[in-house]
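Each value in this text was obtained by applying a stated rule to the coordinates, not by laboratory testing. Every value quoted in this text rests on a predicted model; they were computed, and no experiment measured them. As a convention, Cβ positions derive from the backbone with ideal geometry for all residues, glycine included, and neighbour counts pool all protein chains shown.
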Amino acid sequence: MHEAEGSGRRAFAVFQAARHPGPLVWILPAHAPQMPMLPGLPPGIASRLHLLRPKGEIDLMWATEESLRAAPVGLVIAEPEKPLSLIAGRRLQLAAEAGQTTGLMLIREGAGSNAAETRWRCEPLATDAADSTLHRWSLIKNKKGTIGLRTLHWDGTSAAFDLVSTAGERHEPAPPPRPGAVRADLAFGQCRPPALPDP
């Protein structure tokens, strides 16, 4: 189980959805004013995505836990409204281990669980460039390794990205993953940030 907070957390979730093969489950409250727009998602995501909209927080947590236990599911994304307790986080972690499924909780700042393997702070970055696709993803909690931040350019059309140095210079794009493969550098399974290039 992993967590993402900040105003760019949904973009981070879409990026992970592009990198995880198999069925995808996105669970958000029934009254949520925004939800993923299927035609706007990168190719290959909409056809695999199952949107669940439970009516209350208890049902949302139940749906998340059951989806994590479902072995064919590749990624479960959930948007709880209340802070996650240690017990709730541990239950989700055990469900993810039982189903061998990756889980990502999109949380409000400070509403995470100590049981999470990693926590990311995700923010879009303002830029003078013609596009607005710069992201800053900071790994602020990591049970199995180091923390750090990376700035990257991701255009939202594939699972490939460019790392951007602090001086704003672009580096060679990362190659797209093989069909059905998950890249290890930013994939959740490794919980290890990529090496940042020297400025």
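Quick one: P(r) of the range 1-103 from all Cα-Cα pairs, 5 Å bins, percents rounded to integers, in order of increasing distance. Going from the shortest bin to the longest, the percentages are 2, 13, 25, 26, 23, 9, 2, 0. Report note on the peptides 97-106, 117-126, 33-42: ranked by the mean count of other C-beta atoms within 10 Å, highest first, their order is 97-106, 117-126, 33-42.
Only Cα pairs under 8 Å and 6+ residues apart enter the sum, and on that basis the relative contact order of the range 70-115 stands at 57 percent. Placing a label point 7 Å from the Cα of residue 87 along the Cα-to-Cβ line, the residues of the range 44-61 whose backbone N sits under 20 Å from it are 56-61.
With a simple spin-label model that places each label point 7 Å from the Cα along the Cα-to-Cβ direction, the separation between residue 111 and residue 66 comes to 2.3 nm. Working note: Cα atoms of the range 57-124, range along each principal axis, descending, whole Å: 31, 26, 18.
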